[in-house]
Amino acid sequence: MTARKTNRRQFLAGKSATTALGDVVNAWMGPVDAPVVSETRPPQGYLLEFSRRAMACQFAIFLNAGQSSHQGDAACAALDLVEQLESQLSIFRETSEISHINRQAAHGPVQIESRLATLLALAERISRETGGAYDISAGPLVRVWGFVRRQGALPSAEALEGARAAVGQHLIQLDTAAGTIRFLRPDMELNLGSIGKGYALDRAAETLIAADVGDFFLHGGQSSVLARGTCVESGNDQAWTIGLPHPYRRAERLGQIRLCDQALSTSGSATQFFEHEGRRLGHILDPRSGLPIEGLLSVSAIAPTAAEADALSTAFYVLGPQAVEDYCASHADVGAVFVCPAARPPGVDIHTLGAAAKLFTSL
């Protein structure tokens, strides 16, 4: 979003919902791996918008006006927390806790902050449930392919094999009771880029709820979103509506997803890829093989929390529709929307699985 931003000293009051959410749509010309908020709203009702740049993207908070006399302070406090979490989780900051872990954990157990330990345990669980399709230790693979610095290039067979040897949840000893983590071999590297934004949204939501703000919509870079409560306008309770963009015609949307007390994350390779011998190689890698995933345009995951949705969208991109259908069958509160190339481009095929089948409406 490029217009009418807020910061700690400024916020929007009495702004119509149509205008506020329309800002997101009107500014949307972004990558296919990001959903957008729909402008379809009744003409009455008001939202407050707060936004700030963090984690290399724009974080935004939308609140129903009038929920609390302290909701402006709560929103600013939530954005403050996002900035603090970036300082803890970013591999691009030498002073971050993750960077400290990456430097020291191969030498022995490293003490970690309790909430971070809980996040790492969640990542471990999702890795186990998806058969290793999700793995936060895939940092060496991301680095050897050049995607850490957005300079993708084909690695040598030797370099790729070396990176693969340093990847795997079985090489991580996480002791949540003691609050420690240890790597079982050198050259390992955690990268929370596939779960960090979602985690930040969950923590921001906790801040709002603690301030008695129960109806809100949050997004981090538009690709990770969290909706709580309803968008209340003209006395009618409504779910928050997300637009799924067309991968080839970015100004158009394929459909809408309605969220209430749910989170959604979308993964795709539209913005990070390179061409090699006629193949389009994107930044989403299979941590088991070390190779880029091909043949998909985007995958959106729906889950109870933003951290789960963030991680699952990456895992689902790796797994593909058949395996994800099985996953959703055993996780009733999880869903997925796959956007795949049709037999005749620029057409697309859409597959809704699990909980997404009742939440997605095509346009």
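The values are calculated or read from the model by the stated rules, or taken from the named source; none is laboratory data. Given the structure is predicted, the values throughout are model-derived calculations rather than measurements. Cβ coordinates were reconstructed from backbone atoms using ideal geometry, including for glycine residues, and neighbour counts include every protein chain displayed.
Here are some notes:
- Search result, residues across the range 89-101 that are farther than 16 Å from S194 by Cβ and surrounded by 12 or more Cβ atoms within 10 Å (Cβ to Cβ): R93, S96, E97, S99, H100, I101
- Counting only strands (runs of 3 or more DSSP E) wholly contained in the range 162-261, the ones carrying 1 or more residues that are under 30 Å from H351 (Cα atoms) and in contact with a Gly (Cβ under 8 Å, 6 or more places away or on another chain) occupy 216-220, 224-228, 231-233, 240-245, 253-259.
- With a requirement of 1 or more residues that are at pLDDT 95 or above, the strands (runs of 3 or more DSSP E) lying completely within the range 264-363 that satisfy it span 298-303, 335-341, 348-354, 360-362.
- Test for L141: is it part of a helix (DSSP H, G or I), under 21 Å from the mean Cα position of the chain (by Cα), of a type outside the set (K, R) and more than 29 Å from S51 (Cβ to Cβ): yes
- Contact map, the range 323-340: first residue more than 16 Å from I293 (Cβ to Cβ), second residue of a type in the set (V, I, T), Cβ cut-off under 6 Å, separation 6 or more or different chains; pairs are C328/V334; G335/I302; V337/T352.
- Applying the set (1) in a loop (DSSP other than H, G, I, E, B); (2) modelled with pLDDT under 90 to D23 leaves exactly one unmet item: (1).
- L171 vs. criteria without any contact (Cβ under 8 Å) to a residue 40 or more places away in the chain and either at positive phi or not β-branched (V, I, T) (or both): yes
- Taken over the range 200-215, the criterion of being at pLDDT 95 or above and not aliphatic (A, V, I, L, M) is satisfied by D202, R203, E206, T207.
- Considering residues of the range 332-351 that are of a type in the set (V, I, T) and crowded, with 20+ Cβ neighbours inside 10 Å only, the residue farthest from S300 (Cα to Cα): V334
- Under the condition of being part of a helix (DSSP H, G or I) and within 19 Å of G198 (Cβ to Cβ), the residues counted in the range 46-76 number 1.
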